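What follows is a single structure, written as structure tokens, with notes after it.
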Amino acid sequence: MPSTDSTNPLIDSPERDARITAKSRELWEADGKPGCGPEAYLENASEIIGMEEHPHAGEIPVSSLPDPTLADVQVENAEIQENLGEFPERQTDQGDRDHFPEKQNRS
């Protein structure tokens with residue numbers, strides 16, 4: 001069942017749409033009334049209205065901070081250890097194969 005909360009941006013609300021339209025007109029006029037019209041400012045106005053309705057929506061509360069005594073401890077990423085294999089010899093690449101082509105016997 002849909003919520004009746006008028007501030008929910010996913011539910012059509014005539015009041016919210018009117019605020020968005022008014023804000024888009026305000027933005028258009030503040031920009032010098034360019035030829036595109038206030039309709040071009042609807043997306044920006046919608047975002048601004050959403051931020052005004054829910055000013056703390058993007059904030060994530062910090063539940064626990066790391067121990068301050070570990071601030072200078074550097075831990076290497078475990079994936080780095082997977083890449084540290086044996087290095088190829090001086091004249092080989094990816095194993096024991098030579099870099100130069102071998103002469104083929106044509107019989």
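Quick note: the coordinates plus some simple rules give every number you see, no bench work behind them. Keep in mind that what you see is a predicted model, and the values were worked out from it rather than measured. With ideal geometry, Cβ positions are generated from the backbone for all residues, glycine too; neighbour counts draw on all protein chains shown.
For a footprinting-style exposure proxy, rank Ser64, Ser24 by other Cβ within 10 Å, fewest first.
Listed from fewest to most nearby Cβ atoms, that is Ser64, Ser24.
Taking other Cβ within 10 Å of each residue's Cβ, how do Asp12, Asp31 sort, fewest first?
Fewest-to-most Cβ neighbours within 10 Å comes out as Asp12, Asp31.
Arranged from highest to lowest average of other beta-carbon atoms within 10 Å per residue, in what order do the peptides 53-59, 43-49 appear?
Those peptides, ordered most packed to least, come out 43-49, 53-59.
Mind sorting Ser63, Ser13 by how few other Cβ atoms lie within 10 Å of their own Cβ, fewest first?
Ser63, Ser13
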